[in-house]
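The values are calculated or read from the model by the stated rules, or taken from the named source; none is laboratory data. If you're wondering where the values come from, they're calculated on a predicted model, not measured in any experiment. Because the Cβ atoms are built from the backbone with ideal geometry, glycine has one as well, and the counts that use them run over all protein chains shown. Only protein heavy atoms, including side chains, enter the accessible area calculation; ligands, DNA and RNA are left aside. Shrake-Rupley method; radii C 1.70, N 1.55, O 1.52, S 1.80 Å.
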Amino acid sequence: MISSNMDLIEKARLSIKGRWGLAIGAFLVVTIIQGGLQSIGKDAGNLSGLIPYLAALAVGGPFSLGTSIFSLSFVRDREPRFEEVFEGFKDFKRSLVTYLLLILIVFAWSLLLIIPGIIAAISYSMTFYVLADDPNIKPTDALDKSKQMMKGYKWKYFGLLMLFFLGAILCLLTLGIGFLWFIPWVNVTEAHFYEEIKDNPAVTIQTV
């Protein structure tokens, strides 16, 4: 039985309880690094600004993998460690290739219409959790596994995104301060979502 979206959000809150400082600090560092690189590129402009943008793109994959590993530690009652958000850099090539492929796929579908792009983004949303669980899986296989895993769960995940959207609006009313708590909460909620669906396929894939 898969938990309701509100139950997933509550489970995430309980998972982080007593460790909010660690969760906030880790995600804040990641946000500052990525945002800082993008800001430098924007301020520099011209060709010199391309280097920070490329650097921001390059760290996107490793940080996506690292934050997935970190979030799963909360879900699985492991002792989360701050340095886990940097774990993706130990698997730099695989995480970067996965990240670039994910961007290209979602972008390609978005060229058709916005809705196909959203569906593609949802279909591949579990990719980095798959990558975190299997250090030997290829990027293309991780993407395919996420796509199969999300069959039958895309609408449920979309509903979760809508709840996140409402939460983000509330954070704006706090002049953005609420995002310090909200971002870790979102990530750990998503990790709970992955944990519940990974062994509970909504659609059985038949093989001959």
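Annotations
- Yes/no for PHE63 being of a type in the set (Phe, Trp, Tyr), without any contact (Cβ under 8 Å) to a residue 60 or more places away in the chain and open to solvent by 20 Å² or more (accessible area, probe 1.4 Å): no
- Against the test of being in contact (Cβ under 8 Å) with a residue 60 or more places away in the chain, within 25 Å of LEU8 (Cβ to Cβ), open to solvent by less than 80 Å² (accessible area, probe 1.4 Å) and touching a helix residue (DSSP H, G or I) at 6+ places or on another chain (Cβ under 7 Å), the options PHE74, PHE158 yield a single qualifying residue, PHE74.
- The sole residue among SER95, SER110, SER125 that is assigned to a helix (DSSP H, G or I) and either touching a Lys or Arg at 6+ places or on another chain (Cβ under 6 Å) or at pLDDT 95 or above (or both) is SER95.
- Of all residues in the stretch 144-155, those satisfying the criterion of being open to solvent by 50 Å² or more (accessible area, probe 1.4 Å) and part of a helix (DSSP H, G or I) are ASP144, LYS145, LYS147, GLN148, LYS154, TRP155.
- Only a single item in (1) without any contact (Cβ under 8 Å) to a residue 40 or more places away in the chain; (2) under 17 Å from the mean Cα position of the chain (by Cα) is not met by LEU166, and it is number (2).
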